[in-house]
Amino acid sequence: MSELEFRPRFRFRTPLNPEVIKQRVQAHVKDGNPLGLKLSGTGHHIVLQFPSKARHAWTPQMDVDLELEQLRGSDARTIVRCQIGPDPTIWMLFMGGYLGLSVIALLGIAMGASQQVAGAEAWGWWVALPTPLLALVLWLLAQEGKRRSKEEMHVLKHFVDDALGCDCFALSEAERW
């Protein structure tokens with residue numbers, strides 16, 4: 001996974017304890033953070049975001065989940081799961097748009113088919129007709145957001161790499177889950 005894609009996910013194991021990982025990321029946010037990235041989250045889930053003044057609709061965030069793994073006969077390790085993606089409100093906006101268009105399309109198709117079978121004027125087909133075009137518009141907007149967020153996704157990835165002192169994607173690829 002050498003190239004970042006839309007909502008990339010990667011995971012790797014490390015001998016570091018989850019608390020140590022959190023402390024390293026927190027320390028990097030305080031010390032090595034010229035962009036002013038913000039850290040939030042609870043427990044073993046942390047979220048790395050750009051500051052609100054630098055955020056746009058397409059600005060991504062990184063979610064990091066830390067899970068302590070204890071195998072018999074070996075030392076405890078932490079599974080680090082990372083995902084870079086859009087803000088949840090933007091993600092839900094697009095998913096809601098697709099869901100709404102799907103419902104309108106199905107309603108139009110059902111109405112059009114019922115009207116046609118009943119021998120009435122089948123105007124229901126006209127309700128369903130624009131939904132593929134509107135879905136294409138939503139998809140194109142998502143592609144434009146992905147293009148605009150590419151550089152910010154790299155910033156988040158390199159920030160965590162620097163905080164943990166590793167190349168997370170390389171570790172993830174090396175383990176081959």
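The values are calculated or read from the model by the stated rules, or taken from the named source; none is laboratory data. Keep in mind that this is a model prediction, so the values were computed, not measured. Note: ideal-geometry Cβ built from the backbone for every residue, glycine included; neighbour counts use all protein chains shown.
Report, by residue number, each residue of the stretch 45-63 that is more than 17 Å from the chain's Cα centre (by Cα) and over 20 Å from Glu144 (Cα atoms). Result: Pro51, Ser52, Lys53. When the test is whether a residue is on the phi > 0 side of the Ramachandran plot and out of contact with any Lys or Arg (no Cβ under 7 Å at 6 or more places or on another chain), Gly43 passes it. Within the set Leu101, Leu37, Leu66, the sole residue that is within 22 Å of Glu151 (Cβ to Cβ), of a type outside the set (D, E, K, R) and buried (at least 17 other Cβ atoms within 10 Å of the Cβ) turns out to be Leu37.
Scanning the stretch 8-50 for residues that are touching a Pro at 6+ places or on another chain (Cβ under 8 Å) and among the aliphatic types (A, V, I, L, M) returns Leu35, Leu37.
Checking each residue in the stretch 52-69 for being farther than 17 Å from Met153 by Cα, at pLDDT below 90 and among the aliphatic types (A, V, I, L, M) picks out only Leu68.
Conditions tested, residue by residue: (1) hydrophobic (A, V, I, L, M, F, W, C); (2) part of a strand (DSSP E or B); (3) farther than 30 Å from Ile46 by Cβ.
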position: Leu66; (1), (2), (3): yes, yes, no
position: Leu71; (1), (2), (3): yes, no, no
position: Gly96; (1), (2), (3): no, no, no
position: Trp125; (1), (2), (3): yes, no, yes
position: Leu133; (1), (2), (3): yes, no, yes
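Is it the case, given these coordinates, that Ser102 is within 30 Å of Leu134 (Cα to Cα), of a type in the set (Ser, Thr, Tyr) and out of contact with any Leu (no Cβ under 7 Å at 6 or more places or on another chain)? Yes, satisfied. Contact annotation: residue pairs with Cβ atoms under 6 Å, 6 or more positions apart or on different chains, pairing a residue in the stretch 135-164 that is without any contact (Cβ under 8 Å) to a residue 12 or more places away in the chain with a partner that is surrounded by 13 or more Cβ atoms within 10 Å (Cβ to Cβ), are Asp161/Asp167; Asp161/Cys168. The residue pairs whose first member lies in the stretch 82-98 and is among the charged types (D, E, K, R), whose second member is part of a strand (DSSP E or B), and whose beta carbons are closer than 9 Å, counting only pairs six or more residues apart or on different chains, are Asp87/Gln49; Asp87/Pro60; Asp87/Gln61.
Of all the residues that make up the stretch 121-151, how many are surrounded by 13 or more Cβ atoms within 10 Å (Cβ to Cβ), more than 21 Å from Pro88 (Cα to Cα) and of a type outside the set (A, V, I, L, M)? Matching residues across the stretch 121-151 total 4. For the stretch 86-94, the criterion of being over 23 Å from Leu39 (Cβ atoms), at pLDDT below 95, under 22 Å from the mean Cα position of the chain (by Cα) and hydrophobic (A, V, I, L, M, F, W, C) is met by at least one residue.
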